[in-house]
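**Q** Here you go, one structure.
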Ligand code: FAD
């Protein structure tokens, strides 16, 4: 008998699960209350990366004379920037809608909640309600910004990433509360557009998931790009003054005040579970998200929870692969994906990417390691394109199995996949070192870093 799967949420977790389910012969219904593509396509990964391109071009223009090119005064057309971003988003969302249709996925536009272990109530966009009973349900409702309880948090101009993406003029002064990936990406984008950016963080660490050597080397580059990092500040309140907003905090030496036109609250994200009535279906959850096992199955054996809503890894590609795992398990297949090796890319200047163990994690786990680093300053392609900052670091165990790869530099987000492949396949250093990497490419830096582990790097002493 054909299996029936209902997916709640059409983000990169939900829509991928729906397509994979249809490919495997299930009858799939996808319920989405807002826009297909979810946070990622509409308010996250994609719009930020189109703006990242604007910022990258502006940064290049700042030293375009180095390339022997003269330009006139550079002007920013916000309307055009927004329309390009919207065109990219619309074309991707439309593409996903067509894929869902082509795969025979039935899409319902409405908001779903549980009424029992296997039945959902759906409030349709036209206000009507409908119930749906199904053996297999996948919850993929994503996440939303977690706003701290702070006096003044509701003032106009205190915004989340979703609102900042819709900017209609470039702010003169932007204060960003938080030092995570979203905070640092927006800092880079707006600093490139000429905004004075203050990043305010609670401790002395930012981008906590990143290799510490990289964050240490990245901090001075932030300064070079006009971003001020203010450490060890606990937030007190937000004030409205005649001149705009002020974020008030308590620093090590007393009160500190940061003036701004707008304040981006980037203090973390939490799961979207409100209104789902999870209790009715016997689904356990915590503040961090829906509790799942290694197959992303909830405490209700017929319900799975994938992506941001289970609070495991808040990344689009993790959500998609969890969706595939859930569907394959439902369809009785033995899922082969490795959910422990997930590359993490940060679109700052220069890009940062990592996969596998950091040095700190290896030390915490008592694993003895070897490490090798190759600087982009010694790589022909990096110098040719004028982007010599950064390095590739490869970490292996004492038997030469690659455990971690950490990159800061040009196209780090593209280069990281060789590392992800090496770690997923438990490759030895020689597997990379003996693979001929084309010249002149950034990839050569990867090969040289692995050669370095054997003290055989050619372009490094
Ligand atoms: P979502 O994409 O959030 O989708 C959930 C969907 O469920 C939504 O469409 C929502 O409307 C729907 N929904 C919720 N409740 C219901 C309900 N009751 N009934 C019906 N539908 C419902 N990740 C990366 O990997 N790379 C990046 O570069 C990156 N950049 C980001 C930049 C920003 C500014 C932000 C905010 C996030 C970024 N992320 C990035 C994170 C990424 O967007 C998320 O990890 C990803 O979208 C999670 O996918 P998901 O399917 O779990 O949830």
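Every number in this text was worked out from the coordinates using simple rules, so none of it is lab data. No experiment lies behind these values; they were computed from the predicted model shown. Cβ: placed from backbone, ideal geometry, glycine included. Neighbour counts: every protein chain shown.
**Q** Please give the peptides 454-460, 420-426, 215-221, 170-176 ranked by average Cβ packing (other Cβ atoms within 10 Å per residue), highest first, as a rough proxy for protection.
**A** In descending order of packing, they fall as 170-176, 420-426, 215-221, 454-460.
**Q** Please compute the contact order of region 271-399 in relative form: average sequence separation of alpha-carbon pairs under 8 Å and at least six residues apart, divided by the residue count, as a percent.
**A** 13
**Q** Would you mind calculating the relative contact order of region 1-152 from Cα pairs under 8 angstrom and at least 6 residues apart, reporting the percent as a whole number?
**A** Computed over region 1-152, the figure is 34 percent.
**Q** Please say if region 202-274 is rounded, prolate or oblate, where rounded means a/c under 1.5 for a ≥ b ≥ c the square roots of the C-alpha gyration tensor eigenvalues, and otherwise the choice is prolate for a/b larger than b/c and oblate otherwise?
**A** The shape class here is oblate.
**Q** Return the calculated 222 nm mean residue ellipticity for the chain, to the nearest 500 deg cm²/dmol, obtained by summing -39500 (n - 2.57) across DSSP H runs with n ≥ 4 and dividing by the residue count.
**A** After summing the helix terms and dividing by the residues of the chain, the value is -9500 deg cm²/dmol.
**Q** Still on this structure: Please find the FRET efficiency linking residue 242 to residue 385, where r is the Cβ-Cβ separation and R0 is fixed at 35 Å, and quote it to the nearest 0.05.
**A** With R0 = 35 Å, the Cβ-Cβ based efficiency is 0.15.
**Q** Give me the percent of DSSP beta bridges within the chain that run antiparallel, rounded to the nearest 5.
**A** 60
**Q** Also, I was wondering about something else. In whole Å, what is the distance between the alpha-carbon centres of region 1-55 and region 268-297?
**A** Cα centroid to Cα centroid, the span is 18 Å.
**Q** On to the next question. Does region 307-439 come out rounded, prolate or oblate, given a ≥ b ≥ c as the square roots of the eigenvalues of its C-alpha gyration tensor, rounded meaning a/c under 1.5 and, failing that, prolate meaning a/b above b/c?
**A** prolate
**Q** Tell me, what is the percent relative contact order of region 266-313, built from C-alpha pairs under 8 Å that lie six or more residues apart?
**A** It comes to 36 percent, rounded to a whole number.
**Q** Cα convex hull of region 134-217: mean projected area in nm², to one decimal?
**A** 9.2
**Q** Here's another thing I want to ask about it. Sort the chain into rounded, prolate or oblate with this rule: let a ≥ b ≥ c be the square roots of the eigenvalues of the Cα gyration tensor; rounded if a/c is under 1.5, and if a/c is not under 1.5, prolate when a/b is larger than b/c, oblate otherwise.
**A** Oblate, since a/c reaches 1.5 and b/c is not below a/b.
**Q** For residue 169 and residue 252, compute 0.36 nm times the residue count separating them, minus their Cα-Cα distance, and round to one decimal in nm.
**A** Roughly 26.5 nm would be gained on extension.
**Q** Could the peptides 275-284, 304-313 be put in order, highest first, of the mean number of other beta-carbon atoms found within 10 Å of their residues?
**A** 304-313, 275-284
**Q** Please grab the % of Cα pairs in region 1-159 that end up more than 29 Å from each other.
**A** Result for the distance tail: 39 percent.
**Q** First measure r as the distance between the Cβ atoms of residue 234 and residue 1, then evaluate 1/(1 + (r/R0)^6) with R0 = 51 Å and state the FRET efficiency to the nearest 0.05.
**A** 0.30
**Q** Same structure again: If each of residue 116 and residue 23 carries a label point 7 Å out from its Cα toward its Cβ, how far apart are those two points in nm?
**A** Those two pseudo-labels are separated by 3.5 nm.
**Q** What is the calculated FRET efficiency for residue 286 to residue 98, with r their C-beta to C-beta distance and R₀ = 41 Å, to the nearest 0.05?
**A** It comes to 0.65.
**Q** Quick one: work out the % antiparallel among DSSP beta bridges in region 186-300, nearest 5.
**A** Percent antiparallel among DSSP bridges in region 186-300 is about 80.
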